[in-house]
């Protein structure tokens, strides 16, 4: 954090605590950092807010702001888009008629 922003995380915690950020939702903290003139660049603001939330407790490592733990998987397949789509549909079936709970 020090290298990217010029401030240590302890400094960011103090700044955000003084602004009342412990009571604010993620998006409001993100906006406040820009509105107060601290950080304009969005991805750096996001990193500060995530690290802050991890430090004060509402967010664990790798947890999203919604409380879940997102994951993804990818696989490269040979064939045309239509071929791959057909293989996918054969694998998963017609989700419009799924009996899985929503």
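The values are calculated or read from the model by the stated rules, or taken from the named source; none is laboratory data. Since this is a predicted model, take the numbers as computed values, not measurements. Cβ: placed from backbone, ideal geometry, glycine included. Neighbour counts: every protein chain shown.
Remark: pairs (first residue in the range 70-96, on the phi < 0 side of the Ramachandran plot and part of a loop (DSSP other than H, G, I, E, B); second residue loosely packed, with under 10 Cβ neighbours inside 10 Å and at pLDDT 85 or above; Cβ separation under 9 Å; 6+ apart in sequence or on different chains) are absent.
Look at residue 50 and say whether it is under 15 Å from the mean Cα position of the chain (by Cα), surrounded by 16 or more Cβ atoms within 10 Å (Cβ to Cβ), in a helix (DSSP H, G or I) and modelled with pLDDT under 95. For residue 50, the condition - under 15 Å from the mean Cα position of the chain (by Cα), surrounded by 16 or more Cβ atoms within 10 Å (Cβ to Cβ), in a helix (DSSP H, G or I) and modelled with pLDDT under 95 - is met. Taking the range 3-16 as the search range and keeping residues that are assigned to a helix (DSSP H, G or I) and out of contact with any helix residue (DSSP H, G or I) (no Cβ under 8 Å at 6 or more places or on another chain), which one is surrounded by the fewest Cβ atoms within 10 Å (Cβ to Cβ)? That would be 3.
Of the residues making up the range 18-27, those that are exposed (fewer than 14 other Cβ atoms within 10 Å of the Cβ) and part of a helix (DSSP H, G or I) are 18, 23, 27. Would you mention how many residues in the range 29-43 are in a helix (DSSP H, G or I) and surrounded by 15 or more Cβ atoms within 10 Å (Cβ to Cβ)? Summing the residues that are in a helix (DSSP H, G or I) and surrounded by 15 or more Cβ atoms within 10 Å (Cβ to Cβ) in the range 29-43 gives 4.
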